[in-house]
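The values are calculated or read from the model by the stated rules, or taken from the named source; none is laboratory data. Every value quoted in this text rests on a predicted model; they were computed, and no experiment measured them. For neighbour counting, all protein chains shown are included, and Cβ atoms are generated from backbone atoms with ideal geometry for every residue, glycine included. Protein only, heavy atoms only, side chains kept; ligands, DNA and RNA dropped before computing areas. Shrake-Rupley method; radii C 1.70, N 1.55, O 1.52, S 1.80 Å.
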Amino acid sequence: MIEVVGVQFKGMGRIYYFKPLNIKFQPGDYAIVETVRGVELGKVIVGNKEIDESQFETELKEVLRKAKKEDLIIEEKNNKEAEEAFKIFKSEVVKLDLDMKPLQAEYTFDRTKIIFYYTAEDRVDFRDLLKQLTPQFKLRVELRQTREDLHNEIEELAAVTQEKLNYTYD
């Protein structure tokens with residue numbers, strides 16, 4: 001058996017499990033964790049509980065720490081600045097006359113990268129776009145193509161995330 005907590009990112013989607021490292025979490029708490037995308041802030045959906053290790057195919061990562069009020073402020077700031085970054089992204093797509101529809105921008109919590117989401121009918125050669133965006137943001141830039149039918153879900157996700165951050169953290 002292994003002690004885990006279940007964390008969800010951006011207010012919806014899959015729950016990911018992490019080792020809590022002797023930190024007690026309740027559902028509704030926020031945690032800072034290391035993911036494949038970088039350091040992220042997630043909401044604890046499943047508090048500390050014991051689960052059979054055989055349910056996990058890979059070694060679980062550890063929670064870095066319980067989130068503080070300041071972390072929620074950082075996340076809110078990142079979200080607001082991502083809105084401005086999105087405007088730049090859209091503008092550069094228009095300037096380069098790329099056949100893509102920009103959807104959203106988001107920073108990782110630790111601001112090591114910014115991710116731009118878009119839809120397109122076909123493959124898009126966005127090398128010139130990356131050459132324009134990377135110096136403006138001075139960090140790693142990722143472009144991720146998503147399906148058109150996910151566009152509304154992404155917009156709802158952004159709204160839900162913003163709503164959930166507008167609360168008082170004890």
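Structure summary
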{"read-out": "Residue check for V63: closer than 25 Å to R140 by Cβ, under 20 Å from the mean Cα position of the chain (by Cα), open to solvent by less than 30 Å² (accessible area, probe 1.4 Å) and not hydroxyl-bearing (S, T, Y)", "value": "yes"}
{"read-out": "Where a residue in the stretch 18-35 is of a type in the set (F, W, Y) and its partner, wherever it lies, is open to solvent by 30 Å² or more (accessible area, probe 1.4 Å), with Cβ under 8 Å and at least six apart", "value": "F18/K61; F18/E62; F25/N48; F25/K66; Y30/K43; Y30/K66; Y30/Y169"}
{"read-out": "Which listed residue, of D128, D110, is more than 21 Å from R147 (Cα to Cα), in a helix (DSSP H, G or I) and either touching a Ser or Thr at 6+ places or on another chain (Cβ under 8 Å) or not hydroxyl-bearing (S, T, Y) (or both)", "value": "D128"}
{"read-out": "Failed item, numbered, when M12 is tested on (1) assigned to a loop (DSSP other than H, G, I, E, B); (2) touching a strand residue (DSSP E or B) at 6+ places or on another chain (Cβ under 7 Å); (3) closer than 24 Å to Y107 by Cα", "value": "(2)"}
{"read-out": "Identity of the residue in the stretch 101-132, open to solvent by 20 Å² or more (accessible area, probe 1.4 Å), more than 24 Å from E34 (Cβ to Cβ) and not charged (D, E, K, R), that ends up modelled with the lowest pLDDT", "value": "V124"}
{"read-out": "Condition check for E81: in a helix (DSSP H, G or I), under 23 Å from I32 (Cα atoms), acidic (D, E) and out of contact with any Gly (no Cβ under 9 Å at 6 or more places or on another chain)", "value": "yes"}
{"read-out": "Tally, over the stretch 1-37, of residues that are of a type in the set (D, E, K, R) and touching a helix residue (DSSP H, G or I) at 6+ places or on another chain (Cβ under 6 Å)", "value": "1"}
{"read-out": "First in the stretch 38-54 and surrounded by 15 or more Cβ atoms within 10 Å (Cβ to Cβ), second anywhere and assigned to a strand (DSSP E or B) and of a type in the set (G, A, S), Cβ under 6 Å, 6 or more apart", "value": "G42/A31; V44/A31; I45/G6; V46/G6"}
